Amino acid sequence: LERRAGPRPLAGRHVLVTSGPTHEPVDPVRYLANRSSGKQGHAIAAAAAAAGARVTLVSGPVALPDPPGAVVVRVETAREMLAAVEAALPADVAVFAAAVADWRPAAAGSQKLKKGAEGPPGLALVENPDILASVARRSAGRPPLVVGFAAETTDVLAHARAKIARKGCDLIVANDVSAASGVMGGDRNTVLLIGRDGSVETWPTLDKDEVARRLVERLAAPASGAAP
Ligand code: CTP
Ligand code: CA
């Protein structure tokens, strides 16, 4: 087997990555989900492995091959993703790239819902656990570096800044996912890196693989959490 040559700045570190959407069952044949290909999260897992890290990738349902060098835990729902993340801790770095469904149907029927004279069924929703916030706010066993993503369609910077404060993470990778941006399902991404101290770095539009490599470089840098 050929080994990837080059520096291994994350050797000895455990990097935990979430990726992909979650599927929240409505009934045995239907689900509620976010749009997410998993490309960016999987690329980050691959880049971290290439940088020498031990990588655990907790992935929702995606149509992607497992990234080389990562241990992949497949889940379906947000609650399963939270449980898998907790089981994978401790980690030195945690990157939450998954597009987690914010809500799930309050009660998933065990039988397929059928069309009927009553018209469409009402869909009562309950909120899913916030995986990023629950890890970032742990009093014991918080990874020293917690990175979130922010998918926004308007006011990207303002929303991302609010999110970093609300969630308690160290760094937010913010991207514009409005339809015009082509991020969803595409191979390229335009991101802003926002630090806890409010600092902002704008990256040019790059392949998701290149975004991943640069982010991993940043995670390996000594002052990665503080000031980008
Ligand atoms: N996230 C998570 N668990 C959730 C929701 C979001 O871990 N239940 C994580 C995502 O993986 C991402 C970050 O939180 O790293 C921000 O997700 P986003 O959907 O942009 O933010 P929300 O807090 O859900 O707010 P909203 O969707 O209302 O903008
Ligand atoms: Ca959300």
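Relative to the longest principal axis of the chain, what angle (0 to 90°, nearest 10) does the C-alpha long axis of helix 39-50 take?
Its long axis makes an angle of about 40 degrees.
Treat every Asp and Glu Cβ in the chain as -1 and every Lys and Arg Cβ as +1, leave all other atoms uncharged, and give the resulting dipole magnitude about the Cα centre to the nearest 20 debye.
On the way: 27 positive and 23 negative charges, 66 e Å.
I would put it at about 320 debye.
Which residues in the stretch 122-140 place their backbone N less than 15 Å from a point set 7 Å from the Cα of residue 86 along the Cα-to-Cβ direction?
The answer is 128-140, whose backbone nitrogens lie closer than 15 Å to the label point.
Enumerate the aspartates and glutamates that residue 167 could reach by cross-link, defined here as Cα to Cα under 12 Å, with residues fewer than 8 away along the same chain left out.
130
Among 77, 50, 20, which residue has its Cα furthest toward the positive end of the charge dipole of the stretch 1-77, with +1 on Lys/Arg Cβ and -1 on Asp/Glu Cβ?
My answer, from the dipole projection, is 50.
If you build a Gaussian network model of the chain, linking Cα atoms that sit under 10 Å apart, which residue out of 21, 105, 143 swings the most?
Among 21, 105, 143, the largest GNM mean-square fluctuation belongs to 105.
Determine, for each peptide in 46-57, 24-35, 83-94, the mean count of other beta carbons within 10 angstrom over its residues, then list the peptides with the highest first.
46-57, 83-94, 24-35
Taking the alpha-carbon centroid of each part, what is the distance from the stretch 84-153 to the stretch 160-179 in angstrom?
16
Could you compute the FRET efficiency for residue 125 and residue 221, with r as their C-beta to C-beta distance and R0 at 30 Å, rounded to 0.05?
Numbers: r = 41 Å, r/R0 = 1.35.
In this case the efficiency is close to 0.15.
Hey, what did the chain get for relative contact order, percent, Cα under 8 Å, at least 6 apart?
Computed value for the chain: 19 percent relative contact order.
Relative contact order of the stretch 13-69: what whole-number percent is it, with Cα pairs under 8 angstrom and at least 6 residues apart?
46
Which one of 154, 219, 186 has its Cα pushed farthest toward the positive end of the charge dipole of the stretch 129-228, where Lys and Arg give +1 and Asp and Glu give -1 at the Cβ?
Ranked along the dipole, the leading option is 219.
Loop-only GluC sites (Glu not before Pro) in the stretch 89-175, please: DSSP not H, G, I, E or B, and at most 15 other Cβ atoms within 10 Å.
Listed in order of number, the matching sites are 118.
Nearest 5 is fine: what % of DSSP beta bridges in the chain come out antiparallel, could you say?
40
Once fully extended, how much extra length lies between residue 76 and residue 200, figured as 0.36 nm per residue of separation less the alpha-carbon to alpha-carbon distance?
Extra length available between residue 76 and residue 200 comes to 41.3 nm.
So between residue 11 and residue 140, what do we pick up on full extension, going 0.36 nm a residue minus the alpha carbon distance?
My answer for the length gained is 44.1 nm.
Solvent-accessible area per residue for the chain at a 1.4 Å probe radius, Å²?
That works out to 51 Å² per residue.
Less than 18 Å apart at the alpha-carbon level, and either on another chain or at least 8 residues along: which lysines does that give for residue 39?
208
Taking the Cα atoms only, what angle lies between the long axis of helix 78-88 and the longest principal axis of the chain, rounded to 10 degrees?
The answer is roughly 30 degrees.
Just how large is the dipole of the stretch 65-185 about the Cα centre, in debye to the nearest 20, putting +1 at every Lys and Arg Cβ and -1 at every Asp and Glu Cβ?
280
The values are calculated or read from the model by the stated rules, or taken from the named source; none is laboratory data. Keep in mind that this is a model prediction, so the values were computed, not measured. Here the Cβ is made from the backbone with ideal geometry for all residues, glycine too, and neighbour counts use every protein chain on show. Ligands, DNA and RNA are excluded from the accessible area calculation, which covers all protein heavy atoms including side chains. Shrake-Rupley method; radii C 1.70, N 1.55, O 1.52, S 1.80 Å.
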